[in-house]
């Protein structure tokens, strides 16, 4: 028997890809529909024959015994390559349920028959009136002698038309709470009293069945997990179902169709359409990043919890939006059954559109999952008289990584020195920061976090710097660490020469604070070098009021250069422009100023500026996450105490769903930010920056706007802090490009119409 876990992750991934490419028929892959057993049984038997059918089962029972890291690779490759799930209830649900809760006799009886395909299983959970709310199950099982006699009806049963076995959730005790009175029973469908009727969906297929159980019998020995413990067994299975619903596989499949449709219609150069396609493509790819982040957690041995509901909601709804856009772009040609009238190779757009309705329903509707998140993550009351519970929406940093240590240290600074009254007092004042706090930050060495060790700095990376900025922004600390220690420092790091070395050395104790002088939206300023002197204006010098030196890009006869000018030099005029958060940004006017030195020319200068801007975009994303966390937390807290009609507003479902959507946006941004950091570490800084900054800007802006709405009238007053956070979000979201600007950059890369693999 092959030891899969002895392979490296890369070796196992290659083995999975080779197996799929060799044995999975192309006709079964990337399907919108669920293939029937008559068509897909060959793939089921191939998986069993080669040992790929039961990834989580122990080796002694015919499984692969994959540890979490290998199991997630298995799922990733099955999803990425559009592999169908053929009669999956046996290998993925019944087998693990029996291994965890079954008797030795049950394991010996049923597992071999799952592997051989003799037993094909379906799930008997949902009923009329008890879909997402499984505690409402009314099917009854009564013991007569050594058998259960079962009566009831199951509905929306996937695979029922091909199955010959069903596991049934039935009520066995009416005297206890709804959840406690349920049992999990294995039932042979090949008996009198079992009637299966197809349910024809809006696609005109029969993906589901309706199962009627009339005096159906099952041995008491088929009880799994003990009497009245079926709810516990069922919940463990639903976790697996929901993590599959959170997979980006279907959304990516729909994107392939969308890109092909653009080609067929000749609309792949329409800028309006490309912007909209970029938006949905980034949504799907950001969900994929969040799914990958969850996979990494599982790979490290962590169990998954309510984050599965987060993925289920956003993934199913984003998938639907892709198909909505397909139909809108295709127009009348797409509103037909069969291949759309778009030429040879046209996809069946309308069937894809119809298929996308289902994931928002099965495994618990998107609305039910919002209820789950509202109650169990945000701690909102589920009834008007219920007591609110603590929120776990923003867990404290954990682990022993340097990033976690720095974020904890920054949290302590915020707790000890942060004060919203102090922050309010700094508004529209110069220099716009607290000199004492600035000195504390310098003493901690944070100005030199991104300065290499060879230059006397701490020599850490963007993740560590982002951890500090995330905490400081959450505490609304307006000190100019971000523009100086990231934008200014990183521009210098990419430069060269003795002047560069001296300036970086001075950053270690905070005595040197360089600010990169730019125009609006990160553009180069209108400054010229003529006869050795700089003349022009820099409209957006972030951190300028705290800077000791300005790094000024300028063009001259010799091309682009990056020049150093001391803040107090003759001919330098610095005035303040008030940003949306009422903090000052410098407007630098230069009138024939000779630079103190130059630190880069030509391509080196251009690369230094571009790299510094993109690295800053990544770190700004972390700051926007911190602001989003605070906005979600303060809004949840407000919803627990603010009452209308003698009821906390957090008990109103409409408002619960609004705040849950904001929480989901924050969570997806975390995944995208992590993915952006990874891209940067792999040499794809530009793509990592635009992905992270675009998502963070869009999500934080939405969160801030909705937070004002959820606070009501008090949110529109200057008295409440939520308005300050809105202004700060709008400032950082716009700085160096907002969400729409980064979508345009994404379009320009050509990635929007690139073929989906």
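Multiplying the residue separation of residue 654 and residue 526 by 0.36 nm and removing their Cα-Cα distance gives an extension gain of 41.1 nm.
Taking 7 Å steps out from each Cα toward its Cβ at residue 610 and residue 107 produces label points 5.9 nm apart. Computed on region 402-606, with alpha-carbon pairs under 8 angstrom and 6+ residues apart, the relative contact order is 20 percent. Working from label points 7 Å from Cα in the Cα-to-Cβ sense, the residue 10 to residue 558 distance is 4.4 nm. Once the Cα atoms of helix 271-299 and of the chain are each reduced to a long axis, what angle between those two axes, in degrees from 0 to 90 to the nearest 10, is obtained? That works out to roughly 70 degrees. Each semi-axis of the equivalent ellipsoid for region 402-606 is √(5λ) with λ an eigenvalue of the Cα gyration tensor; in descending order they amount to 29, 20, 13 Å.
For the chain, the relative contact order works out to 9 percent when only alpha carbon pairs closer than 8 Å and six or more residues apart are counted. Taking the number of Cβ atoms within 10 Å of each Cβ as an exposure proxy, the fewest-first ranking of 29, 470 is 29, 470. Quick one: if the Förster radius is 25 Å, what FRET efficiency do residue 386 and residue 718 give, using the C-beta to C-beta distance and rounding to 0.05? For residue 386 and residue 718, the calculated efficiency is 0.15. Across region 578-681, the mean sequence separation of Cα contacts (distance under 8 Å, 6 or more residues apart), normalised by length, yields a relative contact order of 21 percent. The packing ranking of peptides 275-282, 454-461, highest mean first, is 275-282, 454-461, where packing means the average number of other beta carbon atoms within 10 angstrom of each residue. Taking one equal scatterer on every alpha-carbon of region 90-229, how large is log10 of I(q)/I(0) by Debye at q = 0.09 1/Å? The calculated log intensity ratios at q = 0.09 Å⁻¹ are -0.25. Residue order for 617, 357, fewest other beta carbons within 10 angstrom first, comes to 357, 617. Going by alpha carbons, how many degrees (0 to 90, nearest 10) lie between the helix axis of 307-330 and the longest principal axis of the chain? In the chain, helix 307-330 runs at an angle near 80 degrees to the longest axis. Here the label points at residue 215 and residue 501, each 7 Å from Cα along the C-beta direction, are separated by 9.6 nm in the simple model. As a calculated quantity, the FRET efficiency between residue 50 and residue 204 at R0 = 35 Å, using C-beta atoms, amounts to about 0.50. So what's the convex hull volume per residue for the Cα atoms of region 512-637, in Å³? Residue-normalised Cα hull volume stands at 105 Å³.
Seen from every direction in turn and averaged, the convex hull around the alpha carbons of the chain projects onto 36.1 nm². In the chain, the longest principal axis of the Cα atoms and the axis of helix 9-23 are about 50 degrees apart.
Values in this text are rule-based calculations from the coordinates and carry no lab data. Only a predicted model underlies this, so the values are computations on that prediction, with no experimental measurement involved. All Cβ positions, glycine included, derive from the backbone under ideal geometry; neighbour counts span all protein chains shown.
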